[in-house]
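K.L.:
First the structure, which I've put down as structure tokens, then a few questions once you've had a look.
The values are calculated or read from the model by the stated rules, or taken from the named source; none is laboratory data. None of these values were measured; they are calculated from a predicted model. Cβ coordinates were reconstructed from backbone atoms using ideal geometry, including for glycine residues, and neighbour counts include every protein chain displayed.
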Amino acid sequence: MNKPSSAGAPPRRAIDIVNASLKRRYARERRFRLIGLTAVVMGLLFVALLFADIIGKGHTAFQQTYIQLPLTFDAGLIDPKGTRDPETLRSANYNALIRAALRDVYPDVTERRDIRALGSMFSVGAPSQLRDRILANPDLIGTTQEVWLLADDDIDMLIKGYIDRDLPESERRVKDRTVEWVERLEAEGRIEKRFNTIFFTHGTSREPELAGIAGALMGTFYTLVLTLLLSFPIGVGAAVYLEEFAPRNRWTDLIEVNINNLAAVPSVIFGLLGLAVFIGLFGVPRSTPLVASLVLSLMTLPIMIIASRAALKSVPPSIREAALGVGASPLQTQFHHVLPLAMPGMLTGAIIGMAHALGETAPLLMIGMIAFIVDIPSGFTDAATVLPVQIFLWADSPERAFVERTSAAIMVLLAFLILMNLAAVLLRRRFERRW
Amino acid sequence: MHSSTLLILLLGLMALAYHFGRKRAISSAGGIARINTLHSLPAYYGLYAALWAGIPAMLLMALWSGFQNEILIAILKSELPPSLMDGLSTGQVGLMVNDIENLASGAIVSGSVTPEMQAVADRYAQLQRFADWAMWLAVLAIAVGGMGYAWSRTQPRMRARNRVENIFMVILVVFSSIAILTTLGIVLSVLFESLRFFQSISPLEFFFGTLWSPQTALRADQVGASGAFGAVPLFTGTLMVSAIAMLVAVPIGLMSAIYLSEYAPRRVRSLAKPTLEILAGVPTVVYGFFAALSVAPLIRELGMSMGFSVASESALAAGLVMGIMIIPFVSSLSEDVINAVPQAMRDGSYALGATQSETIWRVIIPAALPGIVGGILLAVSRAIGETMIVVMAAGLAANLTANPLDSVTTVTVQIVTLLTGDQEFDSPKTMAAFALGLTLFAVTLTLNVIALHIVRKYREQYE
């Protein structure tokens, strides 16, 4: 028993000390839990903010402003000789048509400066829009039609509300005169926003209203196909060797350490490698899907190997023993029995690796993918760019209209990434086997 | 006449060889009924023939297309008429050869075209056509020859399976050494260029100089012709951005890992964890856009309203966004190690009357510390090597400053900017990029090796 206290004070038992401190300790517990919750909420908030910001900026880019104009396809301007020769039709001055139409609609505008301002309401691509129409249907010549013409990016921004009409004129990109015209057109119902097909069918351009992601998408497609063709077989082969056949010695240890380290090497370094070895040493043409996919294959290879090895590890040894037992050779065991069973896991790894390659930008900057390429590439050795690099280039452009187009391109990129990751998850759910 | 056509043709030939090899094996055994006299399954004889048809031909094709151009240029140079070569330096001859190549392929030429040049270009085009034809013939001949050889070797007693498997084994070994070759390629290419760089600029100046302005002049006598290559401002800039990123990522990442693994109900966990991991899957160029166009203006306005002067490309914006990017990296790595702490240790602590947070602080975190530190080191190496965010949101000005509201530049930004212009391949500017790359590679490699070592060593303790 404890010694009774001499002073007559109540004995301080351990439980009392504990009880006295409990309130403080519980408060600390709650505080700690709250901090943890805050951290999670902050992380989730960042996700929400990022997506909200991108979508908020980009959703308007899927629409494009068009202006309606009653336009006379004057035979004297398009085809003075009446031969309907496609060459003549192609080289006719369609800009003059638009100017003539504007003269009819705005007879009161006479000053040179104002006439030019009127003309610049339309995109520089509007004449070629007319040309394509005439080439497709030469019978239009001589008739008067209501045509919808592509608006300039400034007008587009004004209609979409990115340019504040209440600002003083000197601080606004669009002058009062033009705003007046636009408001008149709006009142007459001659301005319309339509789905932006150009964004999905054209290559890039200096003019935001003519810029599209088709070129970048095709470049990405060629790059990824070649990357997959290169890195998947090599990754699977390396994984099979390392996991199933390699003797445990210094050399294989070295390979193993190497693969783990390669997975963590900064991606710029791979750009340096591509520049020095593939372009400098082997003379692979710059800016092509070929050189991009070589670099990206080396980058995704560690991911592929690690995923494939994990998939091979999950196949139980009994499968191998059974195959060997009935007389299959080691390679037959692998290719006929182990690989098919590990395939879903390997494919999941491949999709994740491809998603990685799809979003990669930095190394591609150094191997010339930032060249300004308008044409849509049609092969592995055509000069091309890829979607993330296109985003980088557009993000650098000063025009306000490129901000929404960049965001829209990001939305497309993210959509592809989400699709790929979903595919990986579904594949895993559908085919995962637990032994 | 594209070389990809030839490749497809070769693949077709291989399929043909497979078919014939298989047939031949069966017939040499005396029909399908007596197939058991064959050493291997008929398919292996087919594969044997296909490999003989394909591999030598493909090797030849790779070698030929690798060297064709250089040999042709050498022939061309030896044949250049002296009238064209008169009084030209070697560099100018190179330019002219380039022009001739462009002329022959029908591309735009930089200089004026003389009839002599046109003649040489025609000759070059003719040589090229000839070489292409020769390659087609040689490759196809080798393929058919290989097929014939395999045909003649196909007898019931040939051990086709063993031969085919040996070839496959060799291919597997080659595949697995590609990882080593990649590292070797990185080290050699970076090292080689860096050594050349350090021949013109002393390493002492590079690693300890405080002035970075890599403009080199076009002419030697130009004002300010000598660029300055003191990389200290880049190192401090990199460190500052990474430090800001870690200040964001480590507390949030670590705390959410603790909350998700120790407190969160299963439902919350199964929702919050994948959502957080989205952050890891977003491409860095998207973060760069977010940092440059949304976060940086926000910080600038906020700073202005509080009376600070904020650069429009502040280190703070880049660091913050980079931190957001690294959160899931820190949290998933820490969650792994926290989950690896045995339940018995928690139970012991609870049995002594500790609250959950006390258990976490006094038991779990000390036990998981090495793993967490390893994870953080990996995250630091990620932050140092991150490129797109800083390229888009941090500046180009190499300021030696400790103010996070100022604009700084980083090693990766400089690598990218030095190499994206139209540069001579061997100007000090491009070689400086390789020297920076070498530094970056060495630092991140060291961090990774240490981190992986710690993580692995720690795991062994509880398994």
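K.L.:
For the stretch B:146-166: of the residues being among the polar types (S, T, N, Q) and over 18 Å from A:Ser329 (Cβ atoms), which is farthest from the chain's Cα centre (by Cα)?
P.N.:
Taking the candidates together, the pick is B:Gln155.
K.L.:
Then there is this: For the stretch B:275-287, which positions are closer than 18 Å to B:Val413 by Cβ, within 7 Å of chain A (Cβ to nearest Cβ) and either over 25 Å from the mean Cα position of the chain (by Cα) or not β-branched (Val, Ile, Thr) (or both)?
P.N.:
Once the filter is applied, which keeps residues that are closer than 18 Å to B:Val413 by Cβ, within 7 Å of chain A (Cβ to nearest Cβ) and either over 25 Å from the mean Cα position of the chain (by Cα) or not β-branched (Val, Ile, Thr) (or both), the stretch B:275-287 yields only B:Pro283.
K.L.:
A further question on this structure: When you check A:Leu135 against the structure, is it of a type in the set (A, V, I, L, M), surrounded by fewer than 22 Cβ atoms within 10 Å (Cβ to Cβ) and outside the structural domain of A:Ala383 (by TED's automatic domain parsing), yes or no?
P.N.:
So A:Leu135 passes the test.
K.L.:
Let me ask something else. Would you point out the residue of the stretch A:240-254, among those that are more than 8 Å from chain B (Cβ to nearest Cβ) and not β-branched (Val, Ile, Thr), that is nearest to A:Gln334 (Cα to Cα)?
P.N.:
A:Glu244
K.L.:
Do we have any residue at all in the stretch B:390-413 that's free of Cβ contacts under 8 Å to residues at least 60 places away in the same chain and within 7 Å of chain A (Cβ to nearest Cβ)?
P.N.:
Scanning the stretch B:390-413, I find no residue that is free of Cβ contacts under 8 Å to residues at least 60 places away in the same chain and within 7 Å of chain A (Cβ to nearest Cβ), so the answer is no.
K.L.:
Then there is this: For the stretch B:236-332, which fully contained helices (runs of 4 or more DSSP H) count at least 3 residues that are surrounded by fewer than 16 Cβ atoms within 10 Å (Cβ to Cβ)?
P.N.:
B:266-281, B:296-305
K.L.:
Then there's this: Only one of (1) within 14 Å of chain B (Cβ to nearest Cβ); (2) in contact (Cβ under 8 Å) with a residue 60 or more places away in the chain; (3) farther than 30 Å from A:Arg177 by Cβ; (4) small (Gly, Ala, Ser) is not met by A:Ala75, so which one is it?
P.N.:
So the condition that A:Ala75 fails would be (1).
K.L.:
Where residues in the stretch B:130-158 are under 13 Å from B:Leu47 (Cβ atoms) and outside any helix (DSSP H, G or I), which of them is nearest to the other protein chains (Cβ to nearest Cβ)?
P.N.:
Result: B:Met158.
K.L.:
Could you run through the stretch A:232-246 and say how many residues are buried (at least 20 other Cβ atoms within 10 Å of the Cβ) and farther than 18 Å from A:Ser314 by Cα?
P.N.:
2
K.L.:
Considering each residue of the stretch B:37-70, count those that are of a type outside the set (Gly, Ala, Ser) and without any contact (Cβ under 8 Å) to a residue 24 or more places away in the chain, and give that number.
P.N.:
Looking only at that region, the number is 6.
K.L.:
Next question. If I filter the stretch A:335-350 for residues that are more than 23 Å from A:Phe431 (Cβ to Cβ) and either not hydroxyl-bearing (Ser, Thr, Tyr) or not assigned by TED's automatic domain parsing to the domain that holds A:Ser267 (or both), do I get at least one hit?
P.N.:
Checked the stretch A:335-350: no residue is more than 23 Å from A:Phe431 (Cβ to Cβ) and either not hydroxyl-bearing (Ser, Thr, Tyr) or not assigned by TED's automatic domain parsing to the domain that holds A:Ser267 (or both).
K.L.:
Failed condition for B:Glu358, given (1) assigned to a helix (DSSP H, G or I); (2) more than 10 Å from chain A (Cβ to nearest Cβ); (3) without any contact (Cβ under 8 Å) to a residue 60 or more places away in the chain, with all others met?
P.N.:
For B:Glu358, the exception is condition (2).
Here's the yes/no breakdown for (1) charged (D, E, K, R); (2) modelled with pLDDT under 90; (3) farther than 21 Å from B:Lys273 by Cα:
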position	(1), (2), (3)
B:Ala311	no, yes, yes
B:Leu316	no, no, yes
B:Gly319	no, no, yes
B:Ala354	no, no, yes
B:Trp361	no, no, yes
B:Ile364	no, no, no
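K.L.:
Take A:Pro302 and decide whether it is out of contact with any Phe, Trp or Tyr (no Cβ under 7 Å at 6 or more places or on another chain), in the same structural domain as A:Ser267 (by TED's automatic domain parsing) and surrounded by fewer than 19 Cβ atoms within 10 Å (Cβ to Cβ).
P.N.:
Judged against the criteria, A:Pro302 is not a match.
K.L.:
Hey, another quick one. Which pairs do you get when a residue that is not assigned by TED's automatic domain parsing to the domain that holds A:Arg405, found in the stretch A:45-60, comes within reach of a residue that is among the basic types (Lys, Arg) and modelled with pLDDT under 95, reach meaning Cβ atoms under 7 angstrom, with the pair 6+ apart or on two chains?
P.N.:
Once the first residue is not assigned by TED's automatic domain parsing to the domain that holds A:Arg405 and sits in the stretch A:45-60, its partners that are among the basic types (Lys, Arg) and modelled with pLDDT under 95 give A:Thr60/A:Lys160.
K.L.:
Since B:Ala296 meets every condition but one in (1) touching a residue at least 40 places away in the same chain (Cβ under 8 Å); (2) farther than 18 Å from A:Leu49 by Cβ; (3) more than 10 Å from every other protein chain (Cβ to nearest Cβ), which condition does it not meet?
P.N.:
B:Ala296 satisfies all of (1) touching a residue at least 40 places away in the same chain (Cβ under 8 Å); (2) farther than 18 Å from A:Leu49 by Cβ; (3) more than 10 Å from every other protein chain (Cβ to nearest Cβ) except (2).
K.L.:
If a residue must be over 42 Å from the mean Cα position of the chain (by Cα) and exposed (fewer than 14 other Cβ atoms within 10 Å of the Cβ), how many such residues does the stretch B:1-46 contain?
P.N.:
Residues that pass the stated criteria total 8.
K.L.:
Having 2 or more residues that are within 25 Å of A:Pro208 (Cβ to Cβ) is the bar; report the helices (runs of 4 or more DSSP H) wholly within the stretch A:316-435 that clear it.
P.N.:
Output list reads A:339-359, A:362-366, A:387-396, A:400-431.
K.L.:
Right, another one. Kindly provide the set of residues from the stretch A:352-392 that are within 12 Å of chain B (Cβ to nearest Cβ) and of a type in the set (Val, Ile, Thr), ordered by number.
P.N.:
Residues satisfying the conditions are A:Ile352, A:Thr361, A:Ile367, A:Ile370, A:Thr381, A:Val386, A:Val389, A:Ile391.
K.L.:
Another one. Of all the residues that make up the stretch A:186-208, how many are among the acidic types (Asp, Glu) and part of a strand (DSSP E or B)?
P.N.:
1
K.L.:
May I pose another question? Does any residue of the stretch A:81-95 turn out to be closer than 25 Å to A:Glu192 by Cβ, aliphatic (A, V, I, L, M) and touching a helix residue (DSSP H, G or I) at 6+ places or on another chain (Cβ under 6 Å)?
P.N.:
no
K.L.:
For the stretch A:136-146, indicate whether the set of residues that are over 16 Å from A:Tyr94 (Cβ atoms) and not in a helix (DSSP H, G or I) is non-empty.
P.N.:
yes
Residues are listed down the side, and each one gets a yes or a no for (1) modelled with pLDDT under 90; (2) more than 30 Å from A:Ala39 (Cβ to Cβ); (3) charged (D, E, K, R):
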| site | (1), (2), (3) |
| --- | --- |
| B:Gly209 | yes, yes, no |
| B:Ala217 | yes, yes, no |
| B:Phe229 | yes, yes, no |
| B:Phe235 | no, yes, no |
| B:Leu239 | no, no, no |
| B:Val250 | no, no, no |
| B:Met255 | no, no, no |
| B:Ser261 | no, no, no |
| B:Pro283 | no, no, no |
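K.L.:
Give B:Leu436, B:Leu445 a once-over and let me know the one that is free of Cβ contacts under 8 Å to residues at least 12 places away in the same chain, facing chain A (nearest Cβ under 10 Å) and within 30 Å of A:Leu254 (Cα to Cα).
P.N.:
Exactly one of B:Leu436, B:Leu445 is free of Cβ contacts under 8 Å to residues at least 12 places away in the same chain, facing chain A (nearest Cβ under 10 Å) and within 30 Å of A:Leu254 (Cα to Cα), namely B:Leu445.
K.L.:
Could you tell me which of the residues A:Leu130, A:Leu135, A:Leu158 is over 24 Å from A:Ala401 (Cα atoms) and modelled with pLDDT of 85 or more?
P.N.:
From the options A:Leu130, A:Leu135, A:Leu158, the qualifying one is A:Leu135.
K.L.:
Before we move on, is A:Val268 more than 8 Å from chain B (Cβ to nearest Cβ), touching a residue at least 24 places away in the same chain (Cβ under 8 Å), crowded, with 24+ Cβ neighbours inside 10 Å and hydrophobic (A, V, I, L, M, F, W, C)?
P.N.:
No.
K.L.:
Let me ask another. Would you tally the residues in the stretch A:259-288 being touching a Pro at 6+ places or on another chain (Cβ under 7 Å) and either in a helix (DSSP H, G or I) or modelled with pLDDT of 95 or more (or both)?
P.N.:
Of the residues in the stretch A:259-288, 7 are touching a Pro at 6+ places or on another chain (Cβ under 7 Å) and either in a helix (DSSP H, G or I) or modelled with pLDDT of 95 or more (or both).
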